[in-house]
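Here is the structure we will look at, set down as structure tokens.
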């Protein structure tokens, strides 16, 4: 909230902020299947709700696509708040990872789907038709709570142009940043957690050191 209003030259916002309280509680409360009876690690950061969503929407740049990856609960909240700040909001787009182990116990179906809420200003009205689903590879998720790199590359390519500057206001471990590097975009990241920030810097440094070796979005 301190940084976003002062940013200039941002062409698109693509971010994966914390999910709803329901999703966080479900994740942290599930036991890991295994002989040791241990539980998987908690997410380690608080969930978001209407207050946080509304604040972000009010601080968005005046133009460009905004793509928010969220859960089915907050997707409705993002849609409402984005409309309130004058954005044209589209139906949520599924971002799936087949076989993702988000549900490790219980008697119902697992969900392999996150939802991306895309919204634009009038300036993007002639952008063209875009895909209705993004599928990620399980092996391209680098850390807990992260998003598949190959899917993020596709999203970055579809909702920005080469040479554009993409903002991720919840950078985490910099998956969106890596996607930008591999697709010829500039990147601005905001992350308040020191541990995640340090991880992000290391990943970006490693990516830059590899040069053209990892160019492209197949990983």
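Coordinate-derived values only; no laboratory data. The model shown is predicted, which means the values in this text are computed figures rather than measured ones. Cβ atoms come from the backbone with ideal geometry, glycine included; neighbour counts cover every protein chain shown.
Kindly put 4, 116, 152 in sequence by how many other C-beta atoms sit within 10 Å of each C-beta, fewest to most.
Working: 4 18, 116 23, 152 28.
So the residues, fewest neighbours to most, are 4, 116, 152.
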Next item on the list: For a footprinting-style exposure proxy, rank 65, 127 by other Cβ within 10 Å, fewest first.
Entry: 127, 65
Check: Under a plain spin-label model, where a point goes 7 Å from the Cα along Cα-to-Cβ, how far apart in nm are residue 186 and residue 130?
Finding: 2.1 nm
Checklist line | Full-extension gain in nm, residue 138 to residue 22, via 0.36 nm per residue minus C-alpha separation | finding: 39.4 nm
Notebook entry, point to check: Listing 120, 138 from the residue with the fewest other Cβ atoms within 10 Å to the one with the most, what is the order?
Noted result: 138, 120
